[in-house]
Amino acid sequence: MNVQELMAVQTQALAEVADAGAPAELEAVRVRYLGRKGQLQTIMESLKSALPADRPALGRAVNELKQSLTAALEARKAVLDAAADAGKTSAWDATLPGSWRRVGSIHPVSQVIAEAIRIFARLGFTVADGPDIEDEYHNFDALNTPAHHPSRDTQDTFWLEGRRLLRTQTSPVQIRVMESQPPPVRIIAPGRCYRRDTADATHGANFHQIEGLYVDRTVSMADLKGDITYFAREMMGADINVRFRPHFFPFTEPSVEYDFSCHVCHGTGCRVCKQSGWIEISGCGMVNPKVFRRVGYDPETVTGYAFGMGVERIAMIKYGIEDIRLLYDNDARWLEALA
Ligand code: DAH
């Protein structure tokens, strides 16, 4: 046995330590080298027959082998023990509370918009879009609502610089669509609207509307009533009735407001409909010829109907929500309960 051979044994032993993947394997390596009948013992025996001059160097090499092997065995044992402990905590433990991921749900306002898009798609309507930041022309003037027109007062406006504004209604999308294409038109335009309203149970400064516009050669009030009624029954239930009350909007003539019969009490009167049996949705009417002229459509050859609807209003009655502010509190528990 010479020093080179001892170093080769050391290299081999350390490699076996490093390879040991479990405590039992490591123990086998220890026994093989350091055990009573281990390789080191054999080497010690053989030292007795070495030349006296070689003994000190061989003795140092054997000691070094023993020390480095012992240290490596300890270090490897610590690693394997730690891994075994970690394994224990991630093992299946029936007493641990389950770890569960919260599942999101679609917001009621988004659900109503998505459902409205599906319903009107069956009537041939496509979806149009317009900017939230509008100009005065599209939000008011082109809709036959000039400055100082009394109906501007009911839509208290967030004005921006340069006579721009946050749209108070989705009606300006009507103008933008007609400006961009010739008739016929059959679109709905869902989107956000803004008004300087003080928040209460039924008002917010930020809400959603769905605008509708149908222009063709022979569109009539009968089409309007039929389509709104179809929508009401698809959205709220087959037994819903719709009533139309004369009203005024600058961009439609004639104009009406429309109500759905209360889907909770079916018209007999309850808390949801404030005992009236009806729930007000929004306004609609036949497109005013003045609006057609603004966008270059000929009111002698085309007619059209337009409608608006308040999305939060429909969501509130559909899901029985009593305060509009709940829709925007972002309380996940409340939204989950609706899902
Ligand atoms: N833009 C109106 C509002 O916000 C609602 C409306 C009424 C829209 C009549 C229409 C319409 O398209 O024809 O109060």
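Observations on the structure shown:
- Non-local lysine pairs in the chain, meaning eight or more places apart or on different chains, with alpha-carbon distances under 30 Å, amount to 10.
- The chain: angle of helix 221-236 to the longest principal axis, Cα-based, in degrees nearest 10: 30 degrees
- Heavy-atom accessible area per residue - the stretch 108-338, 1.4 Å, Å²: 47 Å²
- 3J(HN,Hα) from dihedral phi, the stretch 167-182, Karplus parametrisation 6.51/-1.76/1.60, rounded to Hz, x for glycine, proline: 4, 8, 7, 8, 4, x, 5, 3, 5, 4, 5, 5, 5, 9, 8, x
- For the stretch 99-194: rounded, prolate or oblate by the Cα gyration tensor [a/c cutoff 1.5]: oblate
- The stretch 1-51 and the stretch 122-142: distance between their alpha carbon centers, rounded to Å: 86 Å
- The stretch 45-134: trypsin sites (Lys or Arg not before Pro) falling in loop per DSSP and having at most 14 other Cβ within 10 Å: LYS48, ARG101, ARG102
- Principal-axis tilt of helix 3-19 within the chain, Cα atoms, nearest 10 degrees: 30 degrees
- Cysteines in the chain lacking a second Cys C-beta under 4.7 Å: CYS193, CYS284
- Pairwise Cα inverse-distance average, inverted: Kirkwood Rh of the stretch 1-100 (Å): 15.6 Å
- Contact order normalised by residue count of the stretch 1-141, Cα under 8 Å, 6+ apart, percent: 24 percent
- Residues with amide H under 5 Å from that of GLN169, placed H, sequence gap 5 or more: TYR194
- Taken per residue, the accessible surface of the stretch 3-88 reaches 64 Å², heavy atoms only and a 1.4 Å probe.
- Alpha-carbon centroid distance for the pair the stretch 174-208 / the stretch 262-284, whole angstrom: 24 Å
- Global geometry of the chain, whether rounded, prolate or oblate, following the gyration tensor of its Cα atoms and the 1.5 cut on a/c: prolate
- Accessible area of the chain belonging to carbon and sulfur atoms, whole % at 1.4 Å probe: 54 percent
- The stretch 180-236 shape via C-alpha gyration tensor axes, a/c threshold 1.5: oblate
- Between amide H atoms placed 1.01 Å from N, distances below 5 Å from ASP156 occur with ARG196, all of them 5 or more places distant or on a separate chain.
- With helices as the sole contributors, the chain gives -13000 deg cm²/dmol at 222 nm; each DSSP H run of n ≥ 4 counts as -39500 (n - 2.57), and the sum is divided by every residue.
The values are calculated or read from the model by the stated rules, or taken from the named source; none is laboratory data. Not measured: the values here are computed from a predicted model. We place every Cβ from the backbone using ideal geometry, glycine too, and count neighbours over all the protein chains shown. Areas reflect the complete protein model, heavy atoms only, side chains present, ligands, DNA and RNA absent. Shrake-Rupley method; radii C 1.70, N 1.55, O 1.52, S 1.80 Å.
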